[in-house]
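These notes are about the structure you will find just below.
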Amino acid sequence: MTKSEFGNDKPLFFLFLIECLLILSAFFLVPQLQLTALGSTALAGGTSLGGLGGLSIEGLAPAAAAMLVIVTILYSVGLYAWRYIASPYQLVSRLLVGFLVSTPLLVVGYYLMLRGNILAPVFAVAAGVSFALILIARLLFHSLLEQETFKRRIIVLGAGDLAVRIAAMARRGGSGFRCAGFIPIEGEKNEFLGEQELTQDGLLQTVNDKSIDEIVIAMEDRRNHLMLMSLVDCRLEGVMISDYQTFCEREMGRVDLENLTPSWFFFRSGFRNSILQNALKRGFDIAAAISLVVFFLPVMILVVPALAATRDGPILYRQERVGLKGKVFTLIKFRSMRVNAEDPGKPQWARVNDHRVTRVGALIRKTRIDELPQLFNILKGDMSLVGPRPERPQYVEKLKARLPYYDERHRVKPGVTGWAQVNFGYAATLEDSKIKLEHDLYYMKYYSLFLDLIIILQTIRVVLWSEGSR
């Protein structure tokens with residue numbers, strides 16, 4: 001599990017394990033019960049369950065395969081992201097979509113794997129039981145999250161602006177922690193006068209009395225040494241000590257750009273960049289791009305005459321973007337806007353219900369079909385499947401002047417999808433670009449092929465629900 005836009009992943013990981021066990025149990029036990037209920041009818045008809053049912057080792061493999069397929073698809077539709085857990089509508093709709101997609105895949109897979117030895121009613125009941133069990137587990141999970149006893153308890157060392165931001169994180173939906181108090185630092189601003197204010201005296205005793213799990217250092221001046229020995233005592237007692245930036249990354253899935261310093265780049269772990277890692281990523285990009293071109297070729301073939309019939313301009317749209325190490329390359333997309341949609345020399349961000357978008361363009365933008373030609377940018381080597389989205393040179397120059405460290409995002413290849421895209425969406429303002437940069441820097445720090453896979457799975461959710469499309 002990785003961070004979504006915000007939230008603590010431990011409860012989600014616990015939920016993930018519970019649901020894996022429920023699905024495994026349903027697909028292992030239900031066929032056995034169904035076979036008993038059906039009696040000899042199935043056998044008389046010449047139909048068997050193969051390895052699907054039965055309390056045997058053979059029955060575990062198909063059940064485990066079902067579990068793997070279902071939880072992967074549930075993850076893909078966003079059911080392990082905090083923002084979709086709080087809403088009953090989002091929960092039920094995404095759970096239904098997840099099972100509507102996974103059930104046909106499993107039916108076909110089992111039919112091929114077991115050579116037709118599968119009873120459809122047995123399989124349908126197993127899938128239905130899994131759906132009911134997961135829905136019940138989700139409702140119980142939601143009720144448990146409302147109880148403060150299940151949240152980590154933290155003390156914030158500092159009571160200024162950084163502490164205020166931490167308090168805001170705690171109030172957000174899906175937060176896995178609660179602030180048990182704030183310790184103001186002498187000579188620094190105190191935004192919590194009389195409200196959850198703690199003293200510096202007897203820090204270890206306070207930690208024990210309040211059952212504190214973590215202390216977050218959010219002082220404006222990190223050179224303050226007054227409490228160092230008290231913090232050492234707490235750490236040796238097993239209490240976790242985190243600085244503000246690390247805490248922000250873990251809870252928000254992005255960095256805090258306003259409090260980022262150059263030391264963050266070279267005193268922190270991450271930013272792995274080796275020849276082997278780059279070779280593996282390039283190999284993955286090529287394999288994935290070829291597979292996706294083959295898979296979506298019928299869709300692209302259908303799009304061509306649809307765009308040609310509109311007579312709104314060329315089928316492909318070419319635009320300069322800034323890529324790896326600041327190199328400018330030509331990005332290709334299916335045209336979705338009318339010709340001359342911008343005044344010369346005046347680039348514009350896309351807007352909601354943008355009047356420049358054509359009728360066919362609105363459909364292919366909403367479904368992200370317009371992005372498919374970028375698979376050829378990947379094969380050419382200008383882009384990666386996953387990475388920060390490339391911006392136009394005009395925007396890059398403006399954003400470099402306004403946002404610190406903006407140019408650092410060009411240290412990696414731009415991507416068709418990315419960490420910012422699956423957690424934030426489309427950027428149409430300076431503030432939006434700032435938040436996307438915070439996600440991009442997080443991705444660069446924690447990059448791995450596993451994280452790329454997580455982003456690809458979450459991209460399915462973004463496409464299915466048209467998140468961030470304009």
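The values are calculated or read from the model by the stated rules, or taken from the named source; none is laboratory data. Quantities reported herein were computed from a predicted structural model and do not represent experimental measurements. Counting neighbours? That spans all protein chains shown, and the Cβs are built from the backbone with ideal geometry, glycine included.
For region 244-254, does any single residue satisfy the condition of being touching a residue at least 60 places away in the same chain (Cβ under 8 Å) and either part of a loop (DSSP other than H, G, I, E, B) or under 24 Å from M383 (Cα atoms) (or both)?
Yes, the conditions are met somewhere in region 244-254.
Take the residues in region 195-210 that are out of contact with any helix residue (DSSP H, G or I) (no Cβ under 9 Å at 6 or more places or on another chain) and at pLDDT 90 or above; name whichever of them is nearest to R153 (Cα to Cα).
This residue is K210.
For region 284-296, check the following and say yes or no: at least one residue is of a type outside the set (A, V, I, L, M, F, W, C) and assigned by TED's automatic domain parsing to the domain that holds L375.
Yes, because at least one residue in region 284-296 is of a type outside the set (A, V, I, L, M, F, W, C) and assigned by TED's automatic domain parsing to the domain that holds L375.
Among the residues of region 375-399, how many are of a type outside the set (A, V, I, L, M, F, W, C) and surrounded by fewer than 21 Cβ atoms within 10 Å (Cβ to Cβ)?
9
Restrict the check to region 60-75 and report whether at least one residue is in contact with a Lys or Arg (Cβ under 7 Å, 6 or more places away or on another chain), at pLDDT 85 or above and of a type outside the set (A, V, I, L, M).
The answer is no, given that none of the residues of region 60-75 is in contact with a Lys or Arg (Cβ under 7 Å, 6 or more places away or on another chain), at pLDDT 85 or above and of a type outside the set (A, V, I, L, M).
Could you tell me which residue of region 143-157 is surrounded by the most Cβ atoms within 10 Å (Cβ to Cβ), considering only residues that are at pLDDT 90 or above and of a type outside the set (K, R)?
For region 143-157, the residue satisfying everything is V156.
Condition first: surrounded by 16 or more Cβ atoms within 10 Å (Cβ to Cβ) and either more than 21 Å from D161 (Cα to Cα) or modelled with pLDDT of 90 or more (or both). Now tell me which residues in region 214-230 satisfy that.
E214, I215, V216, I217, A218, S230
Can you name the residue in region 83-120 that is buried (at least 16 other Cβ atoms within 10 Å of the Cβ) and hydroxyl-bearing (S, T, Y) and, of all such residues, is modelled with the highest pLDDT?
S102
Every residue in region 285-323 that is aromatic (F, W, Y) and more than 30 Å from D407 (Cβ to Cβ), please.
Answer for region 285-323, where residues must be aromatic (F, W, Y) and more than 30 Å from D407 (Cβ to Cβ): F295, F296.
Show the residue pairs meeting these rules: Cβ distance below 9 Å; 6+ apart or different chains; first residue within region 401-421 and outside the structural domain of V293 (by TED's automatic domain parsing); second residue buried (at least 23 other Cβ atoms within 10 Å of the Cβ) and part of a helix (DSSP H, G or I).
none
Please work out which one of (1) within 21 Å of G415 (Cβ to Cβ); (2) assigned to a helix (DSSP H, G or I) is the condition I332 fails and give its number.
(2)
Any residue that is within 18 Å of L280 (Cβ to Cβ) and crowded, with 17+ Cβ neighbours inside 10 Å - is there at least one of those in region 420-442?
no
Any residue that is modelled with pLDDT under 95, under 22 Å from R365 (Cβ atoms) and part of a helix (DSSP H, G or I) - is there at least one of those in region 388-399?
yes
Does at least one position in region 180-191 carry a residue that is loosely packed, with under 11 Cβ neighbours inside 10 Å and either assigned to a loop (DSSP other than H, G, I, E, B) or not assigned by TED's automatic domain parsing to the domain that holds D452 (or both)?
yes
Please identify the pairs in which a residue from region 289-316 that is under 15 Å from V339 (Cα atoms) has its Cβ atom under 6 Å from the Cβ atom of a residue that is part of a strand (DSSP E or B) and at pLDDT 95 or above, counting only partners at least 6 apart or on another chain.
Matching pairs, first to second residue: L316/I332.
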